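S.K.: This is the structure I want to talk about, given as structure tokens.
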């Protein structure tokens, strides 16, 4: 059969949209991932398929699938016939995550300098102000969420939302380390964000890029300090 191009419009196609509902496995994975990253499930914690399934009111299969996804990301160690363990924090994984994140976000902030509107800058200033309140109130989880919001919005406002999707996919090991250091590290991170905003307001590409690089690069010093203070939490 010969197909011939036609100028006639094709028949109307139904809209699909981005409406995929999360599966049960997704929900189990998200719940466990959040607890591993925020250290509610600390390194060395034991996990049981049966207990997780019972607590969440699901069958064991989606829990098994979620465990597998977490193990592939290096967050848990599945041991047949024995308890599954939350892994210690891999220093190598943290440094790999930092490299990926820094490379992506430095490129993103260069675009942000020219793309962000005054309204975008005002919105980012508001996020930074809320971070200040979270620091003063010692609300660590809130600060962490606002930290993510700050970096997400820079990417999104720049028309590079896909960058944040890639960062989020790779930053979990960094986040575990960051949660350990939030009590002392949040004020420093907030100060870094103020410097980034100063450079964005000034439309200074080099200053914005340098500020972002220094901000994200601090994780190496944090990692070394924590490894010295709490060596049992980390592994090579």
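The values are calculated or read from the model by the stated rules, or taken from the named source; none is laboratory data. Just so we're clear, the structure is a prediction, and the values are computed from it rather than from any experiment. Virtual Cβ from ideal backbone geometry, glycine too; neighbours counted across all protein chains shown.
S.K.: When you look at residue 110, is it modelled with pLDDT of 95 or more, surrounded by fewer than 17 Cβ atoms within 10 Å (Cβ to Cβ) and not in a loop (DSSP other than H, G, I, E, B), yes or no?
M.R.: Yes: the conditions hold for residue 110.
S.K.: Ok, one more. Picking from 156, 141, which residue would you name as being modelled with pLDDT under 95 and touching a helix residue (DSSP H, G or I) at 6+ places or on another chain (Cβ under 9 Å)?
M.R.: The unique qualifying residue is 141.
Yes/no matrix, rows are residues, columns are (1) assigned by TED's automatic domain parsing to the domain that holds residue 222; (2) over 20 Å from residue 144 (Cα atoms); (3) over 16 Å from the mean Cα position of the chain (by Cα):
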| position | (1), (2), (3) |
| --- | --- |
| 37 | no, no, no |
| 44 | no, yes, yes |
| 64 | no, yes, yes |
| 72 | no, yes, yes |
| 77 | no, yes, yes |
| 96 | yes, yes, no |
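S.K.: crowded, with 20+ Cβ neighbours inside 10 Å, in a helix (DSSP H, G or I) and in the same structural domain as residue 223 (by TED's automatic domain parsing): does that describe residue 52? Before you say what the answer is, go through the steps one by one.
M.R.: Details: crowded, with 20+ Cβ neighbours inside 10 Å: yes; in a helix (DSSP H, G or I): yes; in the same structural domain as residue 223 (by TED's automatic domain parsing): no.
In short, no.
S.K.: Then there is this: Would you mention how many residues in the range 183-210 are touching a residue at least 60 places away in the same chain (Cβ under 8 Å) and either part of a helix (DSSP H, G or I) or not assigned by TED's automatic domain parsing to the domain that holds residue 153 (or both)? Spell out how you get there, then give the answer.
M.R.: So in the range 183-210, the residues touching a residue at least 60 places away in the same chain (Cβ under 8 Å) come out as 190, 193-194, 196-197, 199-201, 203-205, 208-209.
If we keep only those that are either part of a helix (DSSP H, G or I) or not assigned by TED's automatic domain parsing to the domain that holds residue 153 (or both) too, we end up with 190, 193-194, 196-197, 199-201, 205, 208-209.
Counting residues in the range 183-210 that are touching a residue at least 60 places away in the same chain (Cβ under 8 Å) and either part of a helix (DSSP H, G or I) or not assigned by TED's automatic domain parsing to the domain that holds residue 153 (or both) gives 11.
S.K.: Can you tell me which of (1) crowded, with 17+ Cβ neighbours inside 10 Å; (2) modelled with pLDDT of 95 or more is the one residue 90 doesn't meet?
M.R.: So residue 90 meets the others, but not (2).
S.K.: Also: Give 146, 180 a once-over and let me know the one that is touching a helix residue (DSSP H, G or I) at 6+ places or on another chain (Cβ under 7 Å), without any contact (Cβ under 8 Å) to a residue 40 or more places away in the chain and crowded, with 20+ Cβ neighbours inside 10 Å.
M.R.: 146
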